[in-house]
Amino acid sequence: MNVASITEMWDRLTGTQPDPSRWLVLVTALLALGAVAFRGVWHVTRNAVTIAHEGGHGLVALLSGRRLDGIRLHSDTSGLTVSRGKPHGLGMVLTAAAGYTAPPLLGLAGAGLLAAGHITALLWGATALLLVMLVMIRNAYGALTVVVACALFLGVSWLTGARVQAAFAYLAVWFLLLGGARPVAELQRTRRRERGGSSDADQLARLTHTPAALWLLLFYAVALCSLFGGGSWLLRA
């Protein structure tokens with residue numbers, strides 16, 4: 001790769017792209033809402049939320065000084081991130097809290113990039129994060145899921161035109177914003193049936209000696225605030 005090619009790639013990454021039309025923003029929002037609201041579709045699309053959820057656990061585990069042993073993604077859209085370190089303390093609390101907050105916060109960050117016109121940066125950034133996560137996947141289904149997601153982002157960013165790239169980027173960000181709250185609602189329903197479980201909220205309750213309901217409230221607050229803020233940015237773009 002010569003200097004001119006590297007310069008061109010850098011200019012694409014750091015440059016801005018034209019804002020999409022208002023109808024494209026609204027249509028992608030409706031499509032994302034359908035992907036979250038309809039149970040049959042959600043059973044498939046929830047895999048993307050699981051990737052963000054477990055990726056959040058893994059990233060914060062590393063940033064807090066824990067050793068990340070691996071990540072598993074399962075066909076029932078559940079996942080597991082295993083890290084080593086102290087079984088208590090701030091690092092463990094932050095790691096446990098990162099799962100349900102990661103999808104909406106990633107959506108909020110993506111909305112910020114799109115509002116600033118950085119569509120290419122979002123697509124390439126997502127591809128890079130998925131490639132990093134792939135290294136830590138420890139089961140076949142998880143590897144397949146991440147490879148498919150990575151291929152989608154990479155293919156759209158390299159093989160399609162500006163309008164398709166914008167549509168895909170907005171759809172992905174709307175999905176993370178709208179899909180951030182549904183897993184929390186599912187967790188709340190599960191906890192009503194199964195007291196004293198092993199969910200993130202229950203784990204956080206034991207770590208901090210606070211009610212699990214407090215952590216559910218935090219998860220809801222992050223999801224809804226991210227949706228409100230990120231949605232406002234996207235609609236103004």
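A few remarks follow.
- Filtered residues of region 172-214 (kept if among the β-branched types (Val, Ile, Thr) and within 16 Å of VAL36 (Cβ to Cβ)): VAL173, VAL184
- Checking each residue in region 151-166 for being open to solvent by 30 Å² or more (accessible area, probe 1.4 Å) and small (Gly, Ala, Ser) picks out ALA151, GLY161, ALA162.
- Selected residue (only one of THR81, THR145, THR120 is of a type outside the set (Phe, Trp, Tyr), modelled with pLDDT under 95 and open to solvent by less than 50 Å² (accessible area, probe 1.4 Å)): THR120
- Criterion (part of a helix (DSSP H, G or I) and surrounded by fewer than 19 Cβ atoms within 10 Å (Cβ to Cβ)) met by exactly one of ALA96, ALA109: ALA109
- Any hit, region 131-142, residues being in contact with a Gly (Cβ under 6 Å, 6 or more places away or on another chain), open to solvent by 30 Å² or more (accessible area, probe 1.4 Å) and assigned to a helix (DSSP H, G or I): yes
- Residue under evaluation THR190, criteria (1) touching a Leu at 6+ places or on another chain (Cβ under 8 Å); (2) free of Cβ contacts under 8 Å to residues at least 12 places away in the same chain; (3) not charged (D, E, K, R), criterion not met: (1)
- ARG72, sole failed condition from (1) of a type in the set (D, E, K, R); (2) out of contact with any strand residue (DSSP E or B) (no Cβ under 9 Å at 6 or more places or on another chain); (3) buried (at least 16 other Cβ atoms within 10 Å of the Cβ): (2)
- Positions within region 183-219 being of a type in the set (Ser, Thr, Tyr) and surrounded by 18 or more Cβ atoms within 10 Å (Cβ to Cβ), in sequence order: SER199
- When ARG236 is tested against (1) within 18 Å of VAL27 (Cα to Cα); (2) at pLDDT 95 or above; (3) open to solvent by 60 Å² or more (accessible area, probe 1.4 Å), exactly one condition is not met: (2).
The values are calculated or read from the model by the stated rules, or taken from the named source; none is laboratory data. It should be emphasised that the depicted structure is a prediction, and the values quoted were computed from it without experimental measurement. Neighbour counts run over all protein chains shown; Cβ positions are idealised from the backbone, glycine included. We work out accessible area using only protein heavy atoms, side chains counted, and drop any ligands, DNA or RNA first. Shrake-Rupley method; radii C 1.70, N 1.55, O 1.52, S 1.80 Å.
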